[in-house]
Amino acid sequence: MDKIKVLTFAVIALLLLNFGTLGFLLIKGTKHHPRQPHREPKEIIIDKLQLDDSQQVVYQKAIEWHRSTIESIDRQTRETKNRLYLQLLKTTVDINTKDSLISVLANNQKQIEQTHFKHFQDIKNLCKPEQMDCFYDLTQELSRIFGKPPKPRHDS
């Protein structure tokens, strides 16, 4: 066999192997790992608690309060972080100012957690006695439902 025949055979074999691998991944991969549609937390809670129409109206108002409160705290947090990081531009950092701003940030995080907790207390109070078992099950999943997916690490 001359070199051209060997190279032609190798190229054809590699192409067949690549097409075979792609075909396998497309056919078998989707069967083993079906994509589940992303559901909003609101939908998950309504389903899990089996909220009726009147409960859903109250729940929607609770969501609006929760979102506006968290957005306000987030806005304050961004402004405070900006003021904190502007301290880095100074020749000498004022330790009292830095510590004060960090305390404000810690208090903002505390307010966020209190707001989340109150939101779920409001949802609990919305539930009828027969929904309390569902609410208990929901509380076991809250961190998964509302947790942010881990972000890839980037070293600074």
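Heavy atoms only, probe 1.4 Å: what % of the accessible area of the chain goes to carbon and sulfur, would you let me know?
Values: 7570 of 12870 Å².
Of all accessible area on the chain, carbon and sulfur atoms account for 59 percent.
How many nm separate the modelled label positions at Ala106 and Thr21, each set 7 Å beyond the Cα in the direction of the Cβ?
Once both label points are built, they end up 5.3 nm from each other.
Using the Cα centre of the chain as the reference point, and only Cβ charges (+1 on K/R, -1 on D/E), how large is the resulting charge dipole? Debye, rounded to the nearest 20. Walk me through the numbers before you get to the answer.
Working: 24 positive and 19 negative charges, 157 e Å.
In total the dipole reaches around 760 debye.
Averaged over all directions, how much area does the convex hull of the C-alpha atoms of the range 1-113 cover when projected, in nm²?
Details: hull surface 68.2 nm².
Approximately 17.0 nm², given one-decimal rounding.
Report the accessible area of Lys42, computed with a 1.4 Å probe over the heavy atoms of all protein chains in place, in Å² rounded to the nearest 10.
Estimated to the nearest 10 Å², Lys42 gives 80 Å².
On the full set of protein chains, 1.4 Å probe, figure out the accessible area of Val57 and give it in Å² to the nearest 10.
Spelled out: Val57, probe radius 1.4 Å, area about 80 Å².
Once every DSSP H run of n ≥ 4 in the chain is given -39500 (n - 2.57) and the sum is divided by its residues, what mean residue ellipticity at 222 nm do you get, rounded to the nearest 500 deg cm²/dmol?
On the way: 5 runs with 120 residues, N = 156.
For the chain, the value works out to -27000 deg cm²/dmol.
Report the one residue of Ile123, Phe9, Ile112 whose Cα lies farthest in the direction of the positive end of the charge dipole of the chain (charges on C-beta: Lys and Arg +1, Asp and Glu -1; origin at the Cα centre).
Towards the positive end, the residue furthest out is Phe9.
The values are calculated or read from the model by the stated rules, or taken from the named source; none is laboratory data. Computed from a predicted structure; not experimentally measured. Every residue, glycine among them, receives a Cβ derived from its backbone with ideal geometry; neighbour counts consider all protein chains shown. Remember, those area values only see protein heavy atoms, side chains included, never the ligands or the DNA or RNA. Shrake-Rupley method; radii C 1.70, N 1.55, O 1.52, S 1.80 Å.
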